Each structure stands twice: as C-alpha cells, then as structure tokens.
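Structure, as structure tokens:
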Amino acid sequence: MYKAGSLSAAQAPAAASAAAPETEQRRRPHVPQRTCIGCRKKSDQAVLLRLARVSMEGVYAVRVDERRRVSGRGAWLHPDPACLRLAVKRSAFPRAFKGPAGITDVERWFKALENVPTGNGLETVQPESGSEI
C-alpha cells in the first residue's frame with residue numbers, strides 16, 4: 001500500500017541509483033570566492049587583497065590587511081594597480097565601506113609594491129606552517 005511521502009516500488013530503485021553517482025564523485029574542497037571592488041570579477045579569496053576600514057581619531061581610513069585579521073568592515077581588491085585605479089574611478093571605496101574613508105595607506109602600499117626588487121610581490125597569503133621552506 002502506498003503511503004504519502006514514501007517511494008513507490010517503481011521509484012525506489014531509481015532513487016537508489018541516483019544517489020550512487022553522487023557518492024562516487026569526489027567533492028572538491030570549498031574555496032571562498034570574493035568580488036574585487038575594482039574590476040568586479042570574482043576570484044579565490046587567496047588571490048585578493050583584503051582591505052579594512054579602521055577609525056583613527058574619529059576619521060575613517062582604509063588599511064591593507066595583509067594578515068586578514070583586522071576586525072571591522074572589509075573589502076577585497078586584486079593586488080593590481082589597474083584594479084585600484086578602477087576602484088577609485090568608480091567610487092567603490094565609500095560604497096564598500098558604507099561611508100567616507102581615506103585611501104592614502106592603500107595607495108602607499110601599491111607604490112611600495114612597485115618598488116619591490118625581487119619576485120612579483122603579488123603573494124597575499126602568508127605561509128601558515130613554516131614547512132614551505
């Protein structure tokens with residue numbers, strides 16, 4: 001006899017076989033995605049630079065949060081000067097931080113990035129265990 005909410009005899013084998021391929025497939029690990037406030041493209045969180053709004057003597061400023069530990073409102077930006085220019089042009093900083101915020105520290109960080117003598121300087125995720133040496 002058929003009960004509401006139960007599978008009929010005809011549906012039971014189909015339901016069992018439908019579940020099998022899902023368990024056979026390997027699930028990829030979840031990688032957090034964030035949107036760059038400059039170019040508006042989604043990327044892995046590890047690729048983007050986190051910016052945080054901090055209060056300094058009653059004035060809000062945007063700081064580069066290299067360790068991703070600063071509390072408060074954050075935004076994400078590709079570590080590319082072109083994305084910074086787009087974010088400034090689009091007035092993305094006041095919108096992302098819901099109010100006025102100075103970006104001189106961010107501009108200073110990008111200027112220092114240009115002067116890095118070795119490597120590309122675009123690595124934003126720090127090694128966690130120290131065993132990468």
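The values are calculated or read from the model by the stated rules, or taken from the named source; none is laboratory data. Note that the coordinates shown come from a computational prediction; the quantities given were computed from them, not determined experimentally. Every residue, glycine as well, gets a Cβ built from its backbone with ideal geometry; the counts of neighbours run over all protein chains shown.
What to note about this one:
- Residue, surrounded by the most Cβ atoms within 10 Å (Cβ to Cβ), within the stretch 47-65, restricted to residues that are assigned to a loop (DSSP other than H, G, I, E, B) and under 11 Å from the mean Cα position of the chain (by Cα): L48
- Close pairs from the stretch 36-54: first polar (S, T, N, Q), partner in a loop (DSSP other than H, G, I, E, B), Cβ under 6 Å, at least 6 apart: Q45/P32
- Among residues that are under 12 Å from the mean Cα position of the chain (by Cα), more than 20 Å from P100 (Cβ to Cβ), surrounded by 10 or more Cβ atoms within 10 Å (Cβ to Cβ) and among the acidic types (D, E), D44 is included.
- Some residue of the stretch 109-130 being at pLDDT 85 or above, of a type in the set (V, I, T) and either within 21 Å of the chain's Cα centre (by Cα) or not in a loop (DSSP other than H, G, I, E, B) (or both): no
- Residues of the stretch 66-86 that turn out to be assigned to a helix (DSSP H, G or I) and either touching a helix residue (DSSP H, G or I) at 6+ places or on another chain (Cβ under 6 Å) or surrounded by fewer than 16 Cβ atoms within 10 Å (Cβ to Cβ) (or both), as a count: 4
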